[in-house]
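Contents: one structure, followed by commentary.
Bear in mind these aren't lab numbers, they're just calculated from the coordinates by the rules spelled out. Computed from a prediction, not measured in an experiment: that's the story for all the values here. Note: ideal-geometry Cβ built from the backbone for every residue, glycine included; neighbour counts use all protein chains shown.
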Amino acid sequence: MTAAKQKYEFNEMQGLIKRGYGTKKFTDFILLKIEDAVKAKQWLKLLIPQLSDATADKFDPAINVAFTHAGLDKLGLTAHIQNNFLREFQEGMADETRSRLLGDYDWDKQVSIADSWEWKDAAKDVTDGNVIDVLLMVYASAQQILDATYSRVKQEASVNGVREFKRLLTKSNDFLKEHFGFHDGISQPTIKDFSDRTDDEDNTINAGEFVLGYSNQYDICPESPEVRSPVTNEVFDFGRNGTYLVMRQMEQDVKGFWDFIASQSKDDSNGSVGKVDEGAAVFLASRMVGRWPGGTPVATCPDADPGKETDENKFLYHSVAPEHFGKCPVGSHVLRSNPRDFLGTNKKESIKLSNHHRILRRGRSYGKPLVDSMQCKDFLCTPNDNEERGLYFMCLNTNISRQFEFIQHTWINNEKFNGMYNDTDHIAGSYPGDFTIPQSPVRRHITNIPVFVRVRGGAYFFLPSISALKFLSEL
Amino acid sequence: MKQHAFAVIAPVIPGKLEELRSLLNVIHGDVEKNSLVRFCDLGTIHFARFVIIETQKETYPVQLSFSSNHDESEEEHISELIRVAGEGLKKIYSCCEGFDGDFKAYFLKYKVPAKAYYIGHRGRGLAQIRDESRLQKAIVDFLDSENRNGSLNKMNPSEIKNKIGAYIKSNPDFEFAVKYKGLDGPDQFFRERGLLILLLLAIGGFLFLVGKGIHSLAFPAWLVVLIILLATLTVIFFVLKRKLNRLEETDVSVVDLVDSDKVNSLMRAENFVVQNQLTHIVEVKPGSFRRRTLKFVLGAINLLAKILFNRGTLGGIPSIHFARWVMIDSDKRLLFFSNFDGSWENYLGDFVDKASVGLTGVWSNSKNFPKTENLVSKGATDEQHFKEWARQHQIPTQVWYTAYKGLSVENINNNSLIRRGLFRKMSEAKAQQWLKRINNG
């Protein structure tokens, strides 16, 4: 007899928990500041009926809203707290002590990089005007719909005491690639019983890891923020069906990345002034990512780029063909962000451990591609432009320190990951370092690789349920 | 040469607490080269710390703890401390009750032994750890430069290994590796597992004799006595278990959310180098039953640390350099010192995921620990509450020193294996494996 399926209150959850709105390619992220808390609640009342929940995707555009702790504070929520939000959310991603943990720290100048972020959730300098309160996410199927909606919501907000701070434009491409040229968004956990889609057991995760009110991977309901209503004096589970949303603006130095790859991929027959061997360049870049540009995992197909586009994600590092085993670099980005069965020595235990640190990714690329074709060979020969491009990294989790922060510190930015010495992640990491590519008989060791990603903004948000938003609007 | 735990915990003169605090702050300002205790000159110390234990001031006196993980004998270690840092230590201990300038007598009086002590890289002194790290780095550089044009890729693994060996031999800096290959195969094996093997042999022998007795229906008298003894022990076990379960039912477990400022101030001292530390103190639950159970569990962990968890992991946790438990204030409080790799979140997460049984076995005997059953169940598996409890009882460490801030436990153990294999003859396959170890990537 199979266990009864878990029931979820989809009508309460905002839609982003259930879907990434990948089909709605035209997306804006609007950062707002609350200037009049009383009026802002009127704005919320206007906004709530426009929001998309996690039931059928019926609205175009789909709109979701999230708040920083500063924003919830301004709305008066924190004054009535019974059971508090996570410490990380209260303090903010931009908190200086946290910066050392997350890799947002300049060790030479001994100062947090968050001090110069363009938008953030907290600042130790009270005059820092870049602290934001609200994140409005608008997903549309056409540019006109997006633009019309943007004008309308901006107007609705501004007459109600909520001012736009910044409009973050996004740009998706038809290849579903991120800016370095690699097919992105492949690896995602499957939430147990969330939909009819089935997946391997070792990629199926309890919902409580991504939305509050349900059991997590420890079979325990995680702590949820609770508020005492000033009207009824009853305690309201504010966090139920809500979750924490992590967002970071990661600028990618695409040309710098490919220039470096090119410098390490010169055709040796002419010494160091040789031509760039395109195959070697793609090989090296793919080793750093852990997948070929089309998406095939290096672990399952290490020797040559199969060339095709794929979403292949059902693989384990120990279960690949014997002749392929051990060829994917331990320090590659894909292995670091989800080690699967490759942590330590025990495969089964590794999967269990890895699954304590999963996130639901919801990011979007921004900025014009360096090359429209998004082909590696074109990246290699195109000169740089002065455009900013990168990724708005976003993820959902219910335990910020065990999930997002853990991945960032213990896997991505850890030079000692899995027993290594000085290797860092060169796709998403914060620090320069080495890279080791397994080779027989002697490994290929590249040293002093610069950093290709710069974080320009970041915040921890809370994505409340529909009921929680109603509660907030009536506070 | 082996690593030892040393700790002195002395009462602080009430009026001198602030003076002590500012002295420790001076050391903290530059832990390696400060003017009071120049740790970089102390060749016997792996890790050391000064902690002012000032929680529950109403009940317990404020105390200063100095603890170190050191090589050489305790006498030699204390002598070195006096020789290198005598002046600074005099200033520090002048803030403690009853210090008259005689370090040896004072340390003897306030010395506290470890009830359980774990080492992540057993048997390797500071010099060896540093030497083997230099060796690994030199081999990395050698391989990098030799293979710039890919010439090594045409050779066999063992040919390459021999080439590395020749390079190392030619360099007087690495004489240590040439002279002494590191722990030998069978010797190492027995050293690490000897006690465990004897234990298993004893149990095996006993079962065999019982079996023989049953088979021939003739039990020697001593065997009968032994069986009765075991039966009695089993009865006692169940009696104790019932007492424990009854206590557990009435145990109080209130885990309040920890003050944000407190956690922030603890975090301000974290994540500067590869390693982190924590100092943790709890009150033991009242009653002799709990105290004795705690001592028993600590004794068991101490034994296991010697015979089973002696190859780099403690119950599966691979990131601990040195950890120890100490009981103070007439066994009323339990103090825990740990030096580990990675973040606090990672470390505590490992506690929950890998070693919750052992850790629950220890700490369920302390006040306000998350609800536990049968001494080892539940408890630390309640992830969020356990971590909250851990932060609640963590106290600031005023001074912390690490002699190898860039090395993880895995690095150290891997370096020893590299050294051990360097001049040994091995098959091509094993040589290839050895070559892979150099970067471990």
Problem set entry | chain A - mean residue ellipticity at 222 nm from DSSP helices (-39,500 (n - 2.57) per run, n ≥ 4, rounded to 500) | -5500 deg cm²/dmol
For this session: Could you compute the FRET efficiency for B:F272 and B:I307, with r as their C-beta to C-beta distance and R0 at 35 Å, rounded to 0.05?
Result: 0.50
Exercise. Along each of its three principal axes, how wide is the spread of alpha-carbon positions in the stretch B:1-113, in whole angstrom units, largest first?
Worked result: 42, 29, 25
Exercise. Which of B:A431, B:A116, B:A403 moves the most in a Gaussian network model of chain B with Cα springs under 10 Å?
Worked result: B:A431
Problem set entry | For the protein assembly as shown, alpha-carbon Rg relative to the globular expectation (2.2 N^0.38 Å, N residues) | 1.02
Exercise. In whole Å and largest first, what semi-axes does the C-alpha gyration tensor of chain A yield when each eigenvalue is scaled by 5 and square-rooted?
Worked result: 38, 25, 21
Problem set entry | Label point distance in nm, B:S79-B:N149, each placed 7 Å from Cα along Cα→Cβ | 5.5 nm
Exercise. Measuring from a point 7 Å past the Cα of B:V254 along Cα-to-C-beta, which residues in the stretch B:346-386 have an amide N at less than 16 Å?
Worked result: B:367-371
For this session: Could you pull out every residue, at least 5 positions away or on a different chain, whose amide H is within less than 5 Å of the one on A:L360? Hs are placed 1.01 Å off N in the peptide plane, and Pro or chain starts have none.
Result: A:L396
For this session: Do me a favour and compute the ellipsoid semi-axes for the stretch B:185-250 from its Cα gyration tensor, root of five times each eigenvalue, largest one first, whole Å.
Result: 30, 25, 8
For this session: Using Cα positions and a limit of under 23 Å, work out the lysines in reach of B:K262, with same-chain residues fewer than 8 apart set aside.
Result: A:K124, B:K57, B:K367, B:K387
For this session: Take the Cβ-Cβ distance between A:Q143 and A:K58 as r, set R0 to 25 Å, and report the resulting FRET efficiency rounded to the nearest 0.05.
Result: 0.75
For this session: Per DSSP H run of n ≥ 4, the term is -39500 (n - 2.57); total these for chain B, divide by its residue number, and report the mean residue ellipticity at 222 nm rounded to 500 deg cm²/dmol.
Result: -16500 deg cm²/dmol
Exercise. How big is Rg to Rh over chain B, alpha-carbon atoms, Rh as the Kirkwood inverse-mean-distance radius?
Worked result: 1.02
Problem set entry | For B:D30, net neighbour charge (Lys/Arg +1, Asp/Glu -1) across residues whose Cβ lies under 14 Å away | +1
Seminar exercise, completed: For the stretch A:2-86, the Cα convex hull volume per residue in Å³ comes to 156 Å³
